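Reviewing the structure listed below.
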């Protein structure tokens with residue numbers, strides 16, 4: 001046992017933890033969409049928000065252990081495509097997560113205002129903006145592309161970044177076909193206010 005392999009273990013553990021958090025957030029988002037009362041919507045939204053807090057920790061652990069392994073392995077950091085693509089992926093995931101976190105907090109505030117009038121009130125019809133629906137799937141595509149680059153380790157920066165672009169594009173294509181985007185529900189005035197507050 002040495003420090004390099006301990007770092008590798010933490011590196012892999014960070015990926016596994018992020019995958020687990022992704023599964024929980026997708027489950028919570030689905031349950032939130034099917035909730036019947038505003039109290040249930042808020043409860044599942046809180047589960048989603050709690051699971052999402054794991055992502056920045058996972059990203060930090062991934063980057064720190066990755067850099068340690070590069071230095072320990074005497075691998076040039078700035079001239080290898082897989083390293084550049086990995087950093088670009090982490091930065092984009094962090095920026096996306098920050099954006100989704102801001103939108104999530106706005107939605108939570110709006111839900112709490114409705115729940116204060118009665119948690120048993122019928123669940124509002126949530127119509128999220130296209131970007132909010134698509135970003136989680138884009139993030140999944142980016143994360144898978146980063147893992148592909150880390151495993152195959154392309155030296156070419158354009159090739160490694162190209163894998164990242166393909167991953168994001170596939171996620172975006174899947175996200176744009178999401179039922180929440182395709183559907184055009186009739187939103188009532190109070191519900192429209194809720195949606196606008198969350199934008």
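The numbers here are math on the coordinates, done by the rules we state, and not lab data. Just so it is clear, the model here is predicted, and its values are computed rather than measured. Counting neighbours? That spans all protein chains shown, and the Cβs are built from the backbone with ideal geometry, glycine included.
Given a Förster distance of 30 angstrom, what is the FRET efficiency for residue 6 paired with residue 153, based on the Cβ-Cβ distance and rounded to 0.05?
For R0 = 30 Å, the calculated efficiency reads 0.90.
Given contacts defined as C-alpha pairs under 8 Å and at least six residues apart, what's the relative contact order of the chain, whole-number percent?
Reported as a whole number, the value is 26 percent.
Which order do the peptides 71-78, 158-165 take when ranked by the mean count of other beta-carbon atoms within 10 Å per residue, highest first?
The densest-packed peptide leads the list: 158-165, 71-78.
Could you sort the peptides 4-11, 123-130 by per-residue average Cβ neighbour count (10 Å cutoff), highest mean leading?
123-130, 4-11
Would you mind putting 105-113, 62-70 in packing order, based on average other-beta-carbon counts within 10 Å, highest first?
Packing order, densest peptide first, comes out as 62-70, 105-113.
Provide, as a two-decimal number, the C-alpha radius of gyration of the chain over 2.2 N^0.38 Å, N being how many residues it has.
Dividing the Cα radius of gyration by 2.2 N^0.38 Å gives 1.18.
When the label point is put 7 Å from the Cα of residue 67 along its Cα-to-beta-carbon vector, which residues of region 82-111 have a backbone N closer than 12 Å?
From region 82-111, the list is 87.
Gain in length, residue 78 to residue 130, computed as 0.36 nm per residue apart minus the alpha-carbon separation, to one decimal in nm?
15.2 nm
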